[in-house]
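Down below is the structure, laid out as structure tokens.
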Amino acid sequence: MVADPFAIQRDGIWHLFFEQVRHGQGRGEIGLATSDDLVDWRYHGVVLREDFHLSYPQVLADGGEILMVPESCADGNGTVRLYRAVDFPHTWELDRVLLRGRPFKDSTVLRHEGLYYLFTEISERHTHDR
């Protein structure tokens, strides 16, 4: 299963990051596909894997850096994590934990007039109402 695609263009190549859940596994990983023309795609495999479910891999550029904020609410601590591309697009490292202590879901970062805003769903039962 694949879901939650996020695309970013770098050096004329489209990079599509997405949640993928392999048959028989109960947790998501972040996969990558690339395209020159948005028609033909090449799958590159898993680029981010943890011991817990990852999904909704929002990718954003900040200056010369590429960052990812995947959903990681199933990590046991209820966190929002920021990953930094070490070798874009294949290698990522945890930069910091932005929030902790709730089941944060579908966290979305928006930059507006020089400020960053983080929107995240916090309902216990994933009812999309908080």
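Read-outs throughout are calculated quantities, based only on the coordinates presented, and are distinct from any laboratory measurement. Just so you know, these numbers come straight off a predicted model, no measurement behind them. Reconstructed Cβ throughout: ideal geometry from the backbone, glycine too, with neighbour counts over all protein chains shown.
I need the peptides 8-15, 101-108, 27-34, 44-51 ranked by packing, meaning the mean over residues of other C-beta atoms within 10 angstrom, with the highest value on top. All intermediate terms of the calculation are to be shown ahead of the outcome.
Values: 8-15: 12.9, 101-108: 16.6, 27-34: 20.2, 44-51: 14.5.
Per-residue mean Cβ counts within 10 Å order the peptides as 27-34, 101-108, 44-51, 8-15.
Any chance you could tell me what percent of the C-alpha pair distances in the chain go past 21 Å? If you can, show how the numbers build up before the last one.
On the way: 3343 of 8385 pairs.
Beyond 21 Å sits 40 percent of the P(r) for the chain.
Please give the charge dipole size of the chain, origin at the Cα centre, charges +1 on K and R Cβ atoms and -1 on D and E Cβ atoms. Round to the nearest 20 debye.
Working: 14 positive and 21 negative charges, 83 e Å.
Dipole size: approximately 400 debye.
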